[in-house]
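See below for the structure under consideration.
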Amino acid sequence: KKSFSSGLTAVEKKLAEYKCNTNEAIQLKLVRFPEDLEDDNTTFNPEYSHQVFGDDEVAFGYKGLKILLYYIAGNLSTLFRVEYTSKVNDKFDCVEADDVESKIREIIPPGFCTNTDDFVSLLEKEVNFKPFGMLLHTYSIHNEEAGEDITYQIYKADMTCPGFREYHERLQTFLMWFIETASFIDVDDERWNYFLVFEKYNKDGATLFATVGYMTVYNYYVYPDKTRPRVSQMLILPPFQGEGHGAQLLETVHRYYMSSPTVLDITAEDPSENYVKLRDYVLVKLCQDLLCFSPVKLMQGFSQEMVTEAQQKLKINKQHTRRVYEILRLRATNMGDAEQSRSYRLDVKRRLIGPYKKKQRELAKMRRCLRPEEMTNQLNQIDLNLQREQLEESFQQLVSDYRRVLERLAQA
């Protein structure tokens with residue numbers, strides 16, 4: 001019996017050696033020059049691979065597994081290869097290795113290269129690649145490493161642009177690796193708008209374009225003759241993150257819709273924490289000069305005037321306007337002054353308590369169904385203390401988020 005159990009662990013040990021973390025195995029690259037292929041500094045890895053490889057993000061059956069997904073920087077032509085040092089053998093090991101290749105093929109469009117030579121010869125044609133659609137905005141960012149300003153451009157594209165449909169299929173595969181709950185969209189629905197960010201760079205005296213990131217926006221119809229654009233997906237590719245492109249993109253998209261009389265306001269679908277922080281910054285930046293947000297008016301509290309002006313001029317909805325008001329009021333408030341600070345705290349907490357109040361009402365309803373002896377005053381008391389604590393915690397968290405927005409504004 002003993003030898004049997006230790007025998008099992010030996011097999012288990014052996015099999016464990018054939019497990020690879022797919023977030024490490026998948027190696028992504030955006031290639032501009034042939035030498036990028038050999039340069040580890042240009043490689044980046046997924047944040048997520050659970051949608052392709054399951055919740056434990058493991059591929060079984062290989063040692064030294066490498067899943068190479070290399071993209072040409074501009075048009076995203078793809079090189080896909082699977083490499084490994086050894087693989088389990090179903091004859092000897094009686095287990096089968098995961099079919100890694102078919103899992104990746106499910107999310108990347110056909111027409112990719114499988115060998116480096118083909119990929120490099122495609123790289124030479126990259127000089128012909130031009131951004132899709134209509135140029136909306138050009139900006140530059142100083143790059144310390146290069147010691148110069150780099151120029152970026154934002155375009156609005158749609159499926160009528162030649163080649164864009166195929167390009168978008170390649171681009172959207174990145175969502176799987178960097179957005180936790182990503183899904184591919186129905187590109188045949190004409191209500192989608194696409195906004196793309198490109199970097200201009202030089203190669204052998206020519207100007208080329210590299211893909212930086214993008215955003216998809218869905219235009220919801222609002223009766224009788226308006227639309228409400230809703231941001232669906234937004235991704236700045238990892239080599240470009242933290243440089244301010246997200247803010248440039250979101251502000252450009254807002255400005256694009258601001259000029260349209262049929263747009264009511266802009267919303268977002270299930271926004272991530274990072275997106276909310278980004279949006280706070282962009283909306284506060286857009287709103288800070290509106291008359292309704294002057295320090296005097298901020299101190300008088302949140303008003304319908306703010307809602308109306310932010311919606312009409314900047315296409316910002318009521319809920320987001322409320323956050324903008326709280327952030328700008330924090331800036332105008334002397335938190336060292338007991339009276340001002342108390343007034344601010346009450347104002348924000350009054351909004352935060354809304355959901356709690358709703359919960360209280362639901363609890364009260366539930367308790368009416370219970371027998372009187374089950375209803376103790378203690379229960380209510382515990383609730384209230386817990387509620388106070390949670391409320392204070394939520395408030396402190398908000399204030400620290402708001403301060404970060406204000407710091408970023410001050411540096412802008």
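The values are calculated or read from the model by the stated rules, or taken from the named source; none is laboratory data. Small disclaimer: the values here were computed from a predicted structure and weren't measured. Glycine also receives a Cβ, built like all others from the backbone with ideal geometry; neighbour counts cover every protein chain displayed. Please note that ligands, DNA and RNA were not included when accessible areas were found on the heavy atoms of the full protein model with its side chains. Shrake-Rupley method; radii C 1.70, N 1.55, O 1.52, S 1.80 Å.
Do you know the relative contact order of the stretch 12-156, to the nearest whole percent, from alpha carbon pairs under 8 angstrom that are 6+ apart?
19
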Query raised in the report: With +1 on each Lys and Arg Cβ and -1 on each Asp and Glu Cβ, how big is the dipole of the stretch 14-126 about its Cα centre, in debye rounded to the nearest 20?
Result: 180
Report summary line: From most to least accessible, 1.4 Å probe, no ligand or DNA/RNA atoms counted, PHE164, PHE209 line up as PHE209, PHE164
Report task. Enumerate the helices in the chain for which the Kyte-Doolittle hydropathy averages 0.0 or more and the C-alpha atoms extend at least 20 Å along the helix's axis, using complete DSSP H runs. Result -> 273-287
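Which whole-number percent gives the relative contact order of the chain, counting Cα pairs below 8 Å spaced six or more residues apart?
Result for the chain is 9 percent.
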Report summary line: In the stretch 130-270 the accessible area split gives carbon plus sulfur, as whole percent at 1.4 Å, a share of 46
Query raised in the report: Where Lys and Arg each count +1 and Asp and Glu each count -1, what net charge lies around ASP40 among other residues with Cβ under 14 Å from its Cβ?
Result: -3
Report summary line: Note to self: with every protein chain in place and a 1.4 Å probe, the stretch 14-126 gives an accessible area per residue in Å² of 52
Query raised in the report: In the chain, with Lys and Arg counted as +1 and Asp and Glu as -1 at Cβ, which of these residues, CYS292, PRO229, HIS320, has the Cα nearest the positive end of the dipole, that is, farthest along it?
Result: CYS292
Query raised in the report: What relative contact order, as a whole-number percentage, does the stretch 130-270 give when Cα pairs under 8 Å and 6 or more residues apart are counted?
Result: 19
Report task. Once you have the Cα-Cα distance between SER400 and THR160, take 0.36 nm times their residue separation minus that, and quote the gain in nm to one decimal. Result -> 81.9 nm
Report task. Could you order GLU190, GLU362, GLU38, GLU126 by accessible surface area, starting with the largest, using a probe radius of 1.4 Å? Result -> GLU190, GLU38, GLU362, GLU126
Query - Under 19 Å from LYS315, Cα to Cα: lysines that are on another chain or at least 8 residues apart - result: LYS156, LYS226, LYS277, LYS285
Query raised in the report: Using a cut-off of 14 Å between alpha-carbon atoms, which aspartates and glutamates can reach LYS87, once sequence neighbours fewer than 8 places away in the same chain are excluded?
Result: GLU17, GLU96, ASP98, ASP99, GLU101
Query raised in the report: Charges only on Cβ, +1 for Lys and Arg, -1 for Asp and Glu: so what's the dipole of the stretch 65-178 about the Cα centre, in debye to the nearest 20?
Result: 320
Query - Contour minus Cα-Cα distance for LEU136 and TYR275 (0.36 nm per residue) - result: 47.9 nm
Report summary line: Using a 1.4 Å probe on heavy atoms of the protein chains only, the accessible area for LYS365 in Å², nearest 10, reads 130
Report summary line: Expressed per residue, the solvent accessible area of the stretch 130-270 in Å² (1.4 Å probe) is about 46
Report summary line: Ranked output for segments 72-80, 27-35 by mean other Cβ atoms within 10 Å, highest leading, reads 72-80, 27-35
Requested in this report: Determine how large the accessible area of ARG170 is when every protein chain is in place; take a 1.4 Å probe and give Å² rounded to the nearest 10.
Outcome: 50
